[in-house]
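Enquirer: This is the structure I want to talk about, given as structure tokens.
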Amino acid sequence: MPANLRAIQADITTLQVDAIVNAANSSLLGGGGVDGAIHRTAGPALLEACRRLGGCPTGEARITEGYRLPARFVIHAVGPVWRGGNHGEPALLASCYRSAISLAGQHGVHTLAFPAISTGAYGYPFEAAARVAIAAVRDAIRVSPAIREVVFCCHSADALAIYEKQLGECDQGDPRARRDKARAGRGSALPPDAN
Ligand code: ADP
């Protein structure tokens, strides 16, 4: 059955999904924003595990355990820094979403949550980033059939409104997405109050 795609407003560190994605930097040695929150909640063992990975190029992803997080895994994806849009940013951003989905599929992940990668300190314009994220995820889940639910976890109400609008637009143009949504309404991996 095709995966359900949805957006919620939450702190990603609280989500009870199989894996959460981290918007990491290429050292994987911690930073601010969502990365800082994930490391604070997971505890120092996460930093140790990241150290052993030896970094990750932009556009790729790496996986670790989730340690003290409710999520079993953390997938560390490195998005591009926005440098005006003509430096391969959309392709690099799409690539890190695809890499994260591919790793998730290889590790038997059924439910996965993404933050809005690159839209904080890395300065990627939010609406453009959301468009890339949704398109890349829709594309990638076709070849990772184990994935049942992908959550776009938004930190603010404004961010959520942008994702909901874009997910709705996609559904209108895509009969398959409309059908998936109708099916997905019958069950979700997240508690109803996660919305
Ligand atoms: P980047 O360096 O890739 O831009 P940031 O962590 O600075 O990463 O920001 C990425 C996005 O994550 C931003 O939209 C930010 O609002 C959001 N964010 C920050 N903290 C959290 C959190 N705890 N849960 C979910 N999203 C978060």
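Enquirer: Pairs please, first residue from the stretch 107-124 and more than 16 Å from Gln16 (Cβ to Cβ), second anywhere and polar (S, T, N, Q) and assigned to a loop (DSSP other than H, G, I, E, B), Cβ atoms under 8 Å, 6+ apart in sequence or on different chains.
Expert: These pairs meet every condition: Tyr124/Ser118.
Enquirer: Give the number of residues within the stretch 56-99 that are surrounded by fewer than 15 Cβ atoms within 10 Å (Cβ to Cβ), out of contact with any helix residue (DSSP H, G or I) (no Cβ under 6 Å at 6 or more places or on another chain) and of a type outside the set (A, V, I, L, M).
Expert: 9
Enquirer: Another question about this same structure. If we scan the stretch 116-126, do we find a residue that is away from the ligand (no atom under 14 Å from the Cβ), in contact with a helix residue (DSSP H, G or I) (Cβ under 9 Å, 6 or more places away or on another chain) and of a type in the set (S, T, N, Q)?
Expert: Checked against the condition, which is being away from the ligand (no atom under 14 Å from the Cβ), in contact with a helix residue (DSSP H, G or I) (Cβ under 9 Å, 6 or more places away or on another chain) and of a type in the set (S, T, N, Q), the stretch 116-126 yields no hits at all.
Enquirer: So, in the stretch 131-151, exactly how many residues are farther than 14 Å from Arg98 by Cα, of a type in the set (A, V, I, L, M, F, W, C) and at pLDDT 95 or above?
Expert: 1
Enquirer: Mind listing whichever residues of the stretch 1-23 are touching a strand residue (DSSP E or B) at 6+ places or on another chain (Cβ under 8 Å) and over 18 Å from Arg68 (Cβ atoms)?
Expert: Within the stretch 1-23, Ala3, Asn4, Leu5, Arg6, Ala7, Ile8, Gln9, Ala23 meet the criteria.
Enquirer: Quick one: in the stretch 1-16, which of the residues that are under 16 Å from Ala42 (Cβ atoms) and touching a Cys at 6+ places or on another chain (Cβ under 9 Å) is surrounded by the most Cβ atoms within 10 Å (Cβ to Cβ)?
Expert: Applying the filter and picking the extreme gives Ile12.
Enquirer: Here is a further query. Tally up the residues in the stretch 137-164 that are of a type outside the set (Val, Ile, Thr) and crowded, with 23+ Cβ neighbours inside 10 Å, please.
Expert: Residues meeting the conditions: 4.
Enquirer: Testing His87 on (1) in contact (Cβ under 8 Å) with a residue 12 or more places away in the chain; (2) within 16 Å of the ligand (Cβ to nearest atom), one condition comes back false. Which one is that?
Expert: Every listed condition holds for His87 apart from (1).
Enquirer: Pull up the stretch 142-161, narrow it to residues that are within 15 Å of the ligand (Cβ to nearest atom) and part of a strand (DSSP E or B), then point me to the one that is farthest from the chain's Cα centre (by Cα).
Expert: Per the criteria, the residue is Cys154.
Enquirer: Something else about it: Given the criterion over 25 Å from Ala140 (Cβ atoms) and part of a loop (DSSP other than H, G, I, E, B), identify the matching residue among Gly84, Gly59, Gly36, Gly55.
Expert: After ruling out the rest, the residue left standing is Gly84.
The values are calculated or read from the model by the stated rules, or taken from the named source; none is laboratory data. A quick note: this is a predicted structure, and the numbers were derived from the prediction, not measured. Here the Cβ is made from the backbone with ideal geometry for all residues, glycine too, and neighbour counts use every protein chain on show.
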